[in-house]
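The structure appears right after this line, and notes come after that.
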Amino acid sequence: MLSGKEKNQNEKTLNMSSDQIFETLYRSEEEMLKFMQLMHATWVVDTHDVVTAFDLSPFKTMVDVGGCTGGLARELAKAYPGSTVTVFDLPKVVEVAKKHFSVPDDTIAFQEGDFFTGELPEGDLYIVARIIHDWKEEKCLQLLHKLCEQCKPDGGILIVEAMLNENRRGPVMTQLFSLNMLVQTEGKERTPSEYFRLLSSAGFKDLQVRRTGKSYDCILGIK
């Protein structure tokens, strides 16, 4: 495991910080599109199980933080037609998403911004899917505190990640995901109890976990 002072492989070989990885992926529309297509494709198998792991119908205003192409957001809108769903992501990501991934009669909205430095949209539920595993604990807490502050009373947060077993001996695919995160970024995959600790520290309560049986599992927390 990397300590706080150790560097991942990109830092060692390319002198590239973890923050710069996404800048590199987004340096041209062609490279960004390839990355976004990969992210979009991985939702095909998992989206329905993810959005129905909990009954999210009480949340009428949903924000998919870092929602990229809108693949997960569209499944949310389909499962919960009584709710509005907004994808919040960087301006260049939103531009490419609208250009290459829009669908006829789209029911989701896009809003541009930076979830670390910008103002978050108002919402009853913030979906944070495949985001927390990118970052070290300090940055995770920075984002989670910000989301809790913005969240309406009795609003919630839905964390979607590949989660390790509590004994960290599986699932094998999640172990491989975690190895990749340690090599490429400053992040890692975590156990449900590790996510519970982060969310509790940020101010969320009534935490529940649902295993979907697919690649990604869910944790729901309430403000």
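The values are calculated or read from the model by the stated rules, or taken from the named source; none is laboratory data. In this text, all values refer to a predicted model and were calculated from it rather than measured experimentally. When we count neighbours, we look across all protein chains shown, and the Cβ atoms used for this are built from the backbone with ideal geometry, even at glycine. All accessible areas refer to the heavy atoms of the entire protein, side chains included, with ligands and DNA or RNA removed. Shrake-Rupley method; radii C 1.70, N 1.55, O 1.52, S 1.80 Å.
Every test in (1) touching a Gly at 6+ places or on another chain (Cβ under 6 Å); (2) open to solvent by 70 Å² or more (accessible area, probe 1.4 Å); (3) not aliphatic (A, V, I, L, M) is passed by Trp135 save one, and that test is (2). You will find that of Arg210, Arg130, the residue that is touching a residue at least 60 places away in the same chain (Cβ under 8 Å) and either among the hydroxyl-bearing types (Ser, Thr, Tyr) or within 30 Å of Lys98 (Cα to Cα) (or both) is Arg130 and no other.
Per the listing Ile127, Ile108, the residue uniquely at pLDDT 95 or above, under 23 Å from Tyr216 (Cβ atoms) and open to solvent by less than 10 Å² (accessible area, probe 1.4 Å) is Ile127. Restricting attention to segment 88-102, the residues that are surrounded by 14 or more Cβ atoms within 10 Å (Cβ to Cβ) and either without any contact (Cβ under 8 Å) to a residue 24 or more places away in the chain or among the small types (Gly, Ala, Ser) (or both) total 4. Of all residue pairs spaced 6 or more apart or on separate chains, those with beta-carbon atoms under 7 Å, a first member in segment 134-163 that is closer than 17 Å to Gly118 by Cβ and a second member that is charged (D, E, K, R) and buried (at least 21 other Cβ atoms within 10 Å of the Cβ) are Trp135/Glu186. Within segment 152-162, the set of residues being among the hydrophobic types (A, V, I, L, M, F, W, C) and modelled with pLDDT of 95 or more comprises Ile157, Leu158, Ile159, Val160.
Scanning segment 124-137 for any residue that is assigned to a helix (DSSP H, G or I) and either touching a strand residue (DSSP E or B) at 6+ places or on another chain (Cβ under 9 Å) or basic (Lys, Arg) (or both) turns up at least one such residue.
Inside segment 142-163, residues that are under 16 Å from the mean Cα position of the chain (by Cα) and surrounded by 17 or more Cβ atoms within 10 Å (Cβ to Cβ) make up a count of 13.
Any residue in segment 60-73 that is under 14 Å from Leu33 (Cα atoms) sitting within a Cβ distance under 7 Å of a residue that is part of a strand (DSSP E or B) and open to solvent by less than 20 Å² (accessible area, probe 1.4 Å)? List the pairs, counting only those 6 or more apart or interchain. The qualifying pairs are Cys68/Asp89; Gly70/Val87. Considering only residues that are in a loop (DSSP other than H, G, I, E, B) and open to solvent by less than 40 Å² (accessible area, probe 1.4 Å), look in segment 61-87 and name the one that is nearest to Gly155 (Cα to Cα). Only one residue tops the list, namely Ser83.
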